[in-house]
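The values are calculated or read from the model by the stated rules, or taken from the named source; none is laboratory data. Remember, predicted model here, so these are calculated numbers, not experimental data. As a convention, Cβ positions derive from the backbone with ideal geometry for all residues, glycine included, and neighbour counts pool all protein chains shown. Please note that ligands, DNA and RNA were not included when accessible areas were found on the heavy atoms of the full protein model with its side chains. Shrake-Rupley method; radii C 1.70, N 1.55, O 1.52, S 1.80 Å.
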Amino acid sequence: TITNSGNVGIGTTSPTSKLHVAGAGYFTGDTSSAANIIAGGYIKGETVKISSGCTLEYSSTDKCIRFVFN
């Protein structure tokens, strides 16, 4: 759906932002943002790269998240 105001909806007929995806998305390449990324749920993965030289890792043994600076 593309609204008159220019919002695009995938899986929704009433998108509330420029790109509104109702459901899961799957990307095979990098995803970039020039601003904040806000998650209302979980960010899944054993290792999530936060920025150049810094990695956020989840330890399933310790049940904690830690920053690792490379």
### Query
Which of these values of Cα extents along the principal axes in Å was calculated from the structure shown: [x] 48, 24, 21; [y] 97, 9, 5; [z] 32, 30, 21?
[x]
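Taking the Cα centre of the chain as origin, sum charge times position over the Cβ atoms of Lys and Arg (+1) and Asp and Glu (-1), and report the length of that vector in debye to the nearest 20.
Numbers: 5 positive and 4 negative charges, 23 e Å.
The calculated dipole for the chain is roughly 100 debye.
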### Charge dipole of the chain about the Cα centre (unit charges at C-beta), most positive-ward option of I50, G9, G23
G9
### Task
With the full set of protein chains in place, find how many percent of the accessible area of the chain is carbon and sulfur; take the probe as 1.4 Å.
55
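Provide the gained length on full extension for the span S14 to T61, in nm with one decimal, where the gain is 0.36 nm per separating residue minus the Cα-Cα distance.
Details: separation 47, 0.36 × 47 = 16.92 nm, distance 4.24 nm.
Roughly 12.7 nm would be gained on extension.
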### Per residue solvent-accessible surface (Å²) - the chain, probe of 1.4 Å
88
#### Entry: Relative contact order %, the chain, counting alpha carbon pairs below 8 Å whose residues are six or more apart
15
### Query
So what does I10 come to for accessible area, using a 1.4 Å probe and Å² rounded to 10?
100
### Query
For L56, what accessible area in Å² do you get when you roll a 1.4 Å probe over the heavy atoms of the protein chains, rounding to the nearest 10?
40
